[in-house]
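To keep things clear, I will list the structure first and then write my remarks on it.
Each value in this text was obtained by applying a stated rule to the coordinates, not by laboratory testing. If you're wondering where the values come from, they're calculated on a predicted model, not measured in any experiment. Cβ placement follows ideal geometry from the backbone for every residue including glycine, while neighbour counts extend to all protein chains displayed.
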Amino acid sequence: MVSEERGAFDAGVDVPFYSVHYQYGSTNKLNEVRDTSLRALFAKYGDILWLNGSHKYNVTNFIAELHDMLDCPSFSTFSDDMLDELIGKLRKRGNSNATINRKMAALSKLLRKAFKMGDVHSLPEFRRQKEKAGRIRFLDKDEENALFNEMRAHSDLYYRFCIFLVDTGARLSEGLNLRWGDMNSTRVTFWVTKSGRSRSVPLTHRAFEAINRSSKRQPGPFCEIDQQRFRIVWHQAKEAVGLGDDKDVVPHVLRHTCASRLVQGGIDIRRVQMWLGHQTLSMTMRYAHLASHDLDMCVPVLERAAAC
């Protein structure tokens, strides 16, 4: 009788449904995962994950855009459906696959940190969008000399920084964050990199001289350079040498130039990948077409076969 009354009571009562997720945080304690948002997560971890500079500025805009695009900006679980929603909307806005990949890379980095710290319950599966092979611009020796001479006319420090970048393939941020303890007379180590993985590369003679002429009173050889000011002077220099209309001649072209010279000089793609610090070989394969001299040995083989 009691069980029948209990069943009748239960049937007549609306019991609210609570969806509560729990996640192990960084302290290995089981924590309740409460709703959050991309803006909140970026405010919490943005300064930890990204250094101040142009890249962080872009990431800030990326995360703000993605937050505004979500139909439901609050979440405790970031699902595959939410990821598909964002990618679909970015495509409708005309974003290329390369642009989508950059925005998804920022989102993935932020969410992985949040998951590790116990702020989100689960992560979606990120898949890299297929990108079209773009044109790789690099400087020939005459262009390098002309540009570098103009940079030297503005600042010897900027000139030496350009030499360092083109002979090491370093990104601007990697060179600016370099400290005296990160190098010796033959090698330099980049600890703060885009991939998060440190790498060491040997120094050419002129790259060592470019470093060695900097003041030891500063924390690093190029840390007193303001990145935005450097870009302004670069733009002025390229205008002066007749390259003002070439939108691909940006400071990053020095990294491309280093890679192209390694490949054209016969260095295999795997070593070039290690030198540049690319996470995937596909990034380095953009330069593979420059190794055309490797195909010359194929001609005698075909000629012998034709003569048989």
Residue span Glu32 to Gln228: 0.36 nm per residue of separation minus Cα-Cα distance leaves a gain in nm of 66.2 nm
Net charge contributed by nearby residues that have their C-beta within less than 13 Å of Val192 (K/R +1, D/E -1): +4
If you stretched the chain out fully between Arg152 and Thr193, how much longer would it get, using 0.36 nm times the residue separation minus the C-alpha to C-alpha distance? 12.1 nm
What shape does the stretch 141-293 have by the C-alpha gyration tensor, where a ≥ b ≥ c are the square roots of the eigenvalues, rounded means a/c under 1.5, and otherwise prolate means a/b greater than b/c and oblate the rest? oblate
Assign one of three labels to the chain, namely rounded, prolate or oblate, based on the Cα gyration tensor with a ≥ b ≥ c the square roots of its eigenvalues; rounded applies when a/c is under 1.5, prolate when it is not and a/b is larger than b/c, and oblate otherwise. prolate
Greater than 27 Å apart at Cα, pairs in Lys116/Lys194; Lys44/Lys247; Lys103/Lys247; Lys89/Lys238; Lys56/Lys113; Lys92/Lys238: Lys44/Lys247; Lys89/Lys238; Lys92/Lys238
Residues in the stretch 253-278, backbone N under 17 Å from the label point at Met297 (7 Å along the Cα-to-beta-carbon vector): list them, ranges by number please. 263-271
Under unit Cβ charges (Lys, Arg +1; Asp, Glu -1), what dipole magnitude, rounded to 20 debye, does the stretch 21-116 have relative to its Cα centre? 400
Could you tell me which GluC sites (Glu not before Pro) in the stretch 166-232 are loop residues by DSSP with no more than 16 other beta carbons within 10 angstrom of their beta carbon? Glu224
Per-residue ellipticity at 222 nm for the chain, helices alone: DSSP H runs ≥ 4 residues times -39500 (n - 2.57), over residue total, nearest 500 deg cm²/dmol? -16000 deg cm²/dmol
Most fluctuating residue given options Leu111, Leu281, Leu38, as computed from a GNM of the chain linking Cα atoms under 10 Å: Leu281
Placing each pseudo-label 7 Å from Cα in the direction of the beta carbon, Asn97 and Ala43 end up separated by a distance in nanometres of 3.7
By its C-alpha gyration tensor, with a ≥ b ≥ c as the square roots of the eigenvalues, how is the stretch 21-116 shaped: rounded for a/c under 1.5, else prolate for a/b larger than b/c, else oblate? oblate
Stretched fully, the stretch from Thr280 through Asp140 gains (0.36 nm per residue minus C-alpha distance, one decimal, in nm) 47.7 nm
Ranked from fewest to most other Cβ atoms within 10 Å of their own Cβ, Tyr158, Tyr57 fall in the order Tyr57, Tyr158
At Leu51 and Lys130, where each label point lies 7 Å from the Cα along Cα→Cβ, what is the point-to-point distance in nanometres? 3.6
Between Gln236 and Leu70, what is the spin-label point distance in nm, taking each point 7 Å from the Cα along the Cα→C-beta axis? 4.4
